[in-house]
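Accompanying notes for the structure given below.
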Amino acid sequence: MTTTKLIGVREFRQNISTLYKKAIKNNWNFIVLNRNKPVFRVEPLNGDDVFLESFVKDIEEAREDVKKGDVYDFEEVCDELGL
């Protein structure tokens, strides 16, 4: 279960390293406040999520390239790599 903590922008800025470690360890999110008004939400990312998002984007781009015919055959790849 994720817990959301409210924190002032100054405290967040001064303690970001410590807060990052606590967020990972305790599964916390932060709502950062400026003059008691929320300005943004901070949550740790799972490394797998970041990789997966990047991978999905790369696959989508590759599919678009194939649709456009922007592809290389085996010999062209070997030539490009100097093999």
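The values are calculated or read from the model by the stated rules, or taken from the named source; none is laboratory data. A quick note: this is a predicted structure, and the numbers were derived from the prediction, not measured. We place every Cβ from the backbone using ideal geometry, glycine too, and count neighbours over all the protein chains shown.
Is it the case that E53 is under 30 Å from L6 (Cβ atoms), at pLDDT below 90, in a helix (DSSP H, G or I) and of a type in the set (D, E, K, R)? Spell out the reasoning first.
Details: under 30 Å from L6 (Cβ atoms): yes; at pLDDT below 90: yes; in a helix (DSSP H, G or I): yes; of a type in the set (D, E, K, R): yes.
Considered against the rule, which asks whether it is under 30 Å from L6 (Cβ atoms), at pLDDT below 90, in a helix (DSSP H, G or I) and of a type in the set (D, E, K, R), E53 comes out as yes.
Can you go through N27, N36 and tell me which one is out of contact with any Phe, Trp or Tyr (no Cβ under 8 Å at 6 or more places or on another chain) and modelled with pLDDT under 90? Working first, answer last.
On the way: N36 fails: modelled with pLDDT under 90.
Just a single option satisfies the conditions, and that option is N27.
Select from segment 1-49 the residues that are assigned to a helix (DSSP H, G or I) and β-branched (V, I, T) and list them in ascending order.
Start the filter on segment 1-49 by keeping residues that are assigned to a helix (DSSP H, G or I), which leaves 9-14, 16-26, 47-49.
Result: V9, I16, T18, I24.
Of the residues N29, N34, which is polar (S, T, N, Q) and surrounded by 13 or more Cβ atoms within 10 Å (Cβ to Cβ)? Can you show your working first?
Details: N34 fails: surrounded by 13 or more Cβ atoms within 10 Å (Cβ to Cβ).
Criteria check complete, one pass: N29.
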